[in-house]
Amino acid sequence: MLSETTLSDLRASLEQERSDLRARLGEMGLLSGGDLAFDQNFADSSQVTAERGEVEALAGNLRESLTDVEAALVKLDNGTFGACESCGQPISPARLEAKPAARLCMDCASRR
Ligand SMILES: [Zn+2]
């Protein structure tokens, strides 16, 4: 069972992570879900194409992390935090401390 202290520490780090992720997505102009801003004059350059691919991959990761972090904060509020979304078993505190936004227990995560 997670102690109140651990839970409030995890909440603090999740809130920190959420604002970091929002800031990074905001810098990339991605919070609204719009297209990435690139200079159209260079749209044909293969270097820009490669960069765009990298940025899109990064943006996808950031959005995914943000979704996980927001889901974890909702679960903290409704008291379901720390339960595996697949099997319902408690996720180990060590795993949650390493990755507060984890949705799956170690077993389920390793089966994917
Ligand atoms: Zn599980």
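The values are calculated or read from the model by the stated rules, or taken from the named source; none is laboratory data. Remember, it's a predicted structure, so these values are computed and weren't measured experimentally. Note: ideal-geometry Cβ built from the backbone for every residue, glycine included; neighbour counts use all protein chains shown.
Structure above, values below:
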quantity: Single residue of Thr67, Thr49 found to be away from the ligand (no atom under 16 Å from the Cβ) and either at pLDDT 90 or above or acidic (Asp, Glu) (or both); calculated: Thr67
quantity: Test result for Ala43, of a type outside the set (S, T, N, Q), at pLDDT below 90 and either surrounded by 13 or more Cβ atoms within 10 Å (Cβ to Cβ) or away from the ligand (no atom under 16 Å from the Cβ) (or both); calculated: yes
quantity: Residue within region 71-83 that is at positive phi, out of contact with any strand residue (DSSP E or B) (no Cβ under 9 Å at 6 or more places or on another chain) and at pLDDT below 95 present; calculated: yes
quantity: Filter pass, Leu76 being crowded, with 17+ Cβ neighbours inside 10 Å, assigned to a helix (DSSP H, G or I), in contact (Cβ under 8 Å) with a residue 60 or more places away in the chain and more than 16 Å from the ligand (Cβ to nearest atom); calculated: yes
quantity: Matching residues in region 93-112 - criterion: being farther than 15 Å from Ser13 by Cα and either of a type in the set (Lys, Arg) or more than 11 Å from the ligand (Cβ to nearest atom) (or both); calculated: Arg103, Arg111, Arg112
quantity: Matching residues in region 86-108 - criterion: being closer than 24 Å to Ser19 by Cα and part of a loop (DSSP other than H, G, I, E, B); calculated: Lys99, Pro100, Ala101, Ala102, Arg103, Leu104
